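> Input: one structure, supplied below.
The values are calculated or read from the model by the stated rules, or taken from the named source; none is laboratory data. This one's a predicted model, so the numbers in the text were calculated from it and none came from an experiment. Reconstructed Cβ throughout: ideal geometry from the backbone, glycine too, with neighbour counts over all protein chains shown.
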Amino acid sequence: MGDVMKDIGDIRAIRDQQTYLKVVDEIERHRAAVPKTGTYLALRLDLLLDLVEAYEARELRLLKPTALEAIRHFMRNRKLIQADLAHVLGSRSRASELLSGKRKLTMNQAWKIHKAWHLLPEALIRPEGEPWHGR
């Protein structure tokens with residue numbers, strides 16, 4: 001395993017939106033076929049996922065978004081559409097109502113989004129109007 005880590009030298013911290021989008025694109029290319037555990041590609045993707053999560057956490061801390069803003073920001077950055085949210089929530093109408101602001105996010109929906117997209121729970125469950133304190 002030590003030899004594999006030497007080969008991952010081109011990976012760096014994500015500091016800007018352009019790099020973020022390139023990394024997300026690379027991850028998405030491998031979404032359909034999950035690589036075998038312990039392989040170079042599996043280790044690389046794990047590391048890239050960690051970097052994406054760290055970048056998103058930093059961005060959300062700076063933005064201090066409402067739950068809806070956090071979801072929209074995440075979807076925009078990942079090039080997701082309403083149908084993707086509907087798949088997570090199990091209902092096209094719920095996704096539409098949530099994104100249009102007609103309904104507030106429920107705890108159950110927040111949990112589904114967190115599990116599916118690994119969006120920070122703190123960004124999804126804070127009470128309306130309360131300041132967000134990211135890590």
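> For the range 86-135, what are the residues that are part of a helix (DSSP H, G or I), acidic (Asp, Glu) and modelled with pLDDT under 90?
Result: Glu122, single match.
> Consider Lys64 against the criteria (1) among the basic types (Lys, Arg); (2) modelled with pLDDT of 90 or more; (3) more than 23 Å from Lys22 (Cα to Cα): it satisfies all of them except one. Which criterion is unmet?
Of everything listed in (1) among the basic types (Lys, Arg); (2) modelled with pLDDT of 90 or more; (3) more than 23 Å from Lys22 (Cα to Cα), Lys64 misses just condition (2).
> Now for a different question. For the range 1-37, enumerate the residues that are assigned to a loop (DSSP other than H, G, I, E, B), under 15 Å from Asp50 (Cα atoms) and at pLDDT 80 or above.
Within the range 1-37, Ile11, Arg12, Ala13, Ile14, Arg15 meet the criteria.
> In the range 62-97, how many are surrounded by 16 or more Cβ atoms within 10 Å (Cβ to Cβ) and in contact (Cβ under 8 Å) with a residue 40 or more places away in the chain?
Total satisfying the criteria: 8.
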